[in-house]
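What follows is a set of notes on a single structure, which appears directly below.
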Amino acid sequence: MTPPPPPTPPLPRPLLHDHNARLYLTAVIVSGFGTSALWLASGVWVKDLTGSDGLAALCMLAMWAPTLAGPALGTLADRTRRKPLLIGANLLLAALLLTLVTVDSPGSVWLLFAVLFVYGATGVVHDAAESALVTAAVDRTLLGDFNGLRMSATEGMKLLAPLAGAGLYAAYGGPAVAALDAATFLAAVGLYTRLRVHEPRPEPPALAWRAQTAEGARHLWRHPRLRPLVLAGGTTMLFAGLSGAMIYAVVDGLGHSPAYTGVLYAVQGAGSLTVGLLSGPALRHLGERRFAAYGIALTAVAAGLRAVPADWLALVCSAAAGLGLPCVLITVLTAVQRETPDALLGRTVATANTLVFAPNVLGLAAGAALVELVGLRLLLPILGAVWLATALPLLHSPARADRTASRSASDANPA
């Protein structure tokens, strides 16, 4: 007699029914609004005070540079309880931002850069602690949904907050924007204190800081499921940097002014917001590797087709890139959260973020040089073809096995 089929796993309950998930997402929206408002206003602030385009551009570098030290900074999230660390990080940032009310002359710009650098470093620790704590605070079957909604919230803030920050800056100046950002961090503190999560005190470290830091990278490299996903994420962001550096040349080829890039970025942001809402069900249906591979393929095709000078196609390609690019980023974070022991999770998340996002800076630099040397009509199709090839290794494993593993293996053995 034919044995009965195995029972179908129950569908997870809606994410927003989870108390901790609601608090987390609200905190992401609130603090993300302040951060997105500040990153634009800080450059304008420096430009107004100094008249230097170069110094204004260094604002973003000051915030992003600490990402390169992510593996070491993320170790802090494994040496202490994460909830108090999150609260302390938000209080620190709120206090630092309030010191910017004194920045009113070229001679005081150094303080703005110092605060932005500490802002970036604290943000690395904050993200590592938050990504690690969420595995204890949110149902593990909902991690893909949570990371997708977090992506949607972040992209939504990028569409709204810079305009609000620019308006506030125009009306009241840089100190007002800094005060707004400080207020958002204080609001996030109130939300994090309401999280219902039990954290045992971490064991005293048996290894030196450097040895502990290396454990995160070693875990990623040795894990057969995480290594290809992280490599795919880093490669994708490298090519995204190359493609992003050519955006002004694309707009010029369309016959528009540089301001038209704002339209393309807005369309791309709308695509990212959409895929974030759909990522949880898509991950469960396709599995991690296929979801990431399809997103890479969609983004690669969009990059190649940008070589065709047509307004409607440029808008379609921007929407496609917005839909495709977040797929691999959501997948990498979700997989790392599911496949990493809790005691190792902070430094592993921070290491993965560094390996994925640092290549984007290299891609931007390389793209800026290549676009001057090679014609756009040739460069973009080549970029799209090479980018598309990077998705093939993720399609090598059968989707069914990957889907089963991504849904049940980590739930059966969270370590």
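The values are calculated or read from the model by the stated rules, or taken from the named source; none is laboratory data. Quantities reported herein were computed from a predicted structural model and do not represent experimental measurements. Glycine also receives a Cβ, built like all others from the backbone with ideal geometry; neighbour counts cover every protein chain displayed.
For the stretch 310-327, state whether one or more residues are out of contact with any strand residue (DSSP E or B) (no Cβ under 6 Å at 6 or more places or on another chain), in the same structural domain as L392 (by TED's automatic domain parsing), under 28 Å from L355 (Cβ atoms) and not in a helix (DSSP H, G or I).
No; the residues of the stretch 310-327 include none that is out of contact with any strand residue (DSSP E or B) (no Cβ under 6 Å at 6 or more places or on another chain), in the same structural domain as L392 (by TED's automatic domain parsing), under 28 Å from L355 (Cβ atoms) and not in a helix (DSSP H, G or I).
Which of the residues spanning the stretch 286-318 are over 23 Å from the mean Cα position of the chain (by Cα) and touching a residue at least 60 places away in the same chain (Cβ under 8 Å)?
The answer is G304, L305, R306, A307, A314.
Could you tell me whether G190 is part of a helix (DSSP H, G or I), closer than 24 Å to A77 by Cβ, out of contact with any His (no Cβ under 6 Å at 6 or more places or on another chain) and without any contact (Cβ under 8 Å) to a residue 12 or more places away in the chain?
Yes, satisfied.
Filter the stretch 211-270 down to the residues that are surrounded by fewer than 17 Cβ atoms within 10 Å (Cβ to Cβ) and acidic (D, E) and list them by number.
Within the stretch 211-270, D252 is the sole residue that qualifies.
Residues in the stretch 367-378: is at least one part of a helix (DSSP H, G or I), touching a Leu at 6+ places or on another chain (Cβ under 9 Å), of a type in the set (A, V, I, L, M, F, W, C) and farther than 24 Å from L254 by Cβ?
Within the stretch 367-378, none of the residues are part of a helix (DSSP H, G or I), touching a Leu at 6+ places or on another chain (Cβ under 9 Å), of a type in the set (A, V, I, L, M, F, W, C) and farther than 24 Å from L254 by Cβ.
Can you tell me how many residues in the stretch 203-249 are part of a loop (DSSP other than H, G, I, E, B), within 21 Å of T75 (Cα to Cα) and not aliphatic (A, V, I, L, M)?
Number of matching residues: 4.
Only one of these is surrounded by fewer than 16 Cβ atoms within 10 Å (Cβ to Cβ) and either charged (D, E, K, R) or not in a helix (DSSP H, G or I) (or both): P200, P281. Name it.
So the residue among P200, P281 that is surrounded by fewer than 16 Cβ atoms within 10 Å (Cβ to Cβ) and either charged (D, E, K, R) or not in a helix (DSSP H, G or I) (or both) is P200.
Restricting attention to the stretch 166-197, and to residues there that are of a type in the set (F, W, Y) and buried (at least 17 other Cβ atoms within 10 Å of the Cβ), which single residue is nearest to A37 (Cα to Cα)?
My answer is Y169.
Quick check: is even one residue across the stretch 292-299 crowded, with 21+ Cβ neighbours inside 10 Å, in a helix (DSSP H, G or I) and of a type in the set (S, T, N, Q)?
The answer is yes; a qualifying residue exists.
Could you list all residues from the stretch 329-347 that are surrounded by 24 or more Cβ atoms within 10 Å (Cβ to Cβ) and either aromatic (F, W, Y) or more than 20 Å from L142 (Cβ to Cβ) (or both)?
The answer is G346, R347.
Considering the stretch 166-218 alone, what residues qualify as being among the acidic types (D, E) and under 22 Å from the mean Cα position of the chain (by Cα)?
D181
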